[in-house]
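**Q** Dropping a structure here in structure tokens format, bear with me for questions.
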């Protein structure tokens, strides 16, 4: 099956890509866009781009609890696909090849950064700082840009 690039470098089958594009096109119709995003996710639960699209949708709609829930689902899927523990607290530099940007672990790092930002916005600064510290350990070269959230967290601390 031919896969097109989708969010953050991952590929989506054409039918999933079409749903994600349709959802983006009807963003202002929250109910319809949400339905399309969930349809895409359920059609291919291993397509990491669907998790990304759905948690970003919820985040931009200021539905932070929903965004957080989808991000956690995405972290679990990325961990299964990458063969490492889904509990970020248990991970270290040896848990995966964290430098690979074409693998589920990059999505995991990117989504962990998003989770840190969500937790910060939800008022859980301590948890956000813990996630950011873990990101610094796993991604010392800051390939996912966690330093931006770290700087924001330091200002809001």
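**Q** Which of the residues that make up segment 1-10 are buried (at least 17 other Cβ atoms within 10 Å of the Cβ) and either in a helix (DSSP H, G or I) or modelled with pLDDT of 70 or more (or both)?
**A** Residues of segment 1-10 buried (at least 17 other Cβ atoms within 10 Å of the Cβ): 6-7, 10.
Once the filter is applied, which keeps residues that are buried (at least 17 other Cβ atoms within 10 Å of the Cβ) and either in a helix (DSSP H, G or I) or modelled with pLDDT of 70 or more (or both), segment 1-10 yields only 7.
**Q** A further question follows. From 89, 99, which residue is farther than 13 Å from residue 115 by Cα and assigned to a loop (DSSP other than H, G, I, E, B)?
**A** Details: 89 fails: assigned to a loop (DSSP other than H, G, I, E, B).
Going through 89, 99 in turn, the sole match is 99.
**Q** Something else about it: Could you tell me which numbered condition residue 58 fails, if it satisfies all but one of (1) under 22 Å from residue 105 (Cα atoms); (2) under 14 Å from the mean Cα position of the chain (by Cα)?
**A** (1)
**Q** Same structure again: Within segment 61-75, count every residue that is over 14 Å from residue 38 (Cβ atoms), crowded, with 16+ Cβ neighbours inside 10 Å and out of contact with any helix residue (DSSP H, G or I) (no Cβ under 8 Å at 6 or more places or on another chain).
**A** Residues flagged as over 14 Å from residue 38 (Cβ atoms), crowded, with 16+ Cβ neighbours inside 10 Å and out of contact with any helix residue (DSSP H, G or I) (no Cβ under 8 Å at 6 or more places or on another chain) within segment 61-75 amount to 0.
**Q** A further question on this structure: Among the residues of segment 11-30, is there at least one that is in a strand (DSSP E or B), touching a strand residue (DSSP E or B) at 6+ places or on another chain (Cβ under 9 Å) and either closer than 27 Å to residue 140 by Cα or in contact (Cβ under 8 Å) with a residue 24 or more places away in the chain (or both)?
**A** yes
**Q** Could you run through segment 96-139 and say how many residues are buried (at least 17 other Cβ atoms within 10 Å of the Cβ) and more than 19 Å from residue 156 (Cβ to Cβ)?
**A** Residues in segment 96-139 being buried (at least 17 other Cβ atoms within 10 Å of the Cβ) and more than 19 Å from residue 156 (Cβ to Cβ): 13 in total.
**Q** Considering (1) at pLDDT 95 or above; (2) in a helix (DSSP H, G or I); (3) surrounded by fewer than 14 Cβ atoms within 10 Å (Cβ to Cβ), say which one residue 58 fails and leave the rest.
**A** (3)
**Q** Return the only residue of 39, 30 being under 25 Å from residue 122 (Cα atoms) and surrounded by fewer than 17 Cβ atoms within 10 Å (Cβ to Cβ). Spell out how you get there, then give the answer.
**A** On the way: 39 fails: under 25 Å from residue 122 (Cα atoms).
Among 39, 30, only 30 is under 25 Å from residue 122 (Cα atoms) and surrounded by fewer than 17 Cβ atoms within 10 Å (Cβ to Cβ).
The values are calculated or read from the model by the stated rules, or taken from the named source; none is laboratory data. Note that the structure is a prediction, hence the values are computed from the model and not measured. Note that each Cβ is placed from the backbone with ideal geometry, even for glycine, and that neighbours are counted across all protein chains shown.
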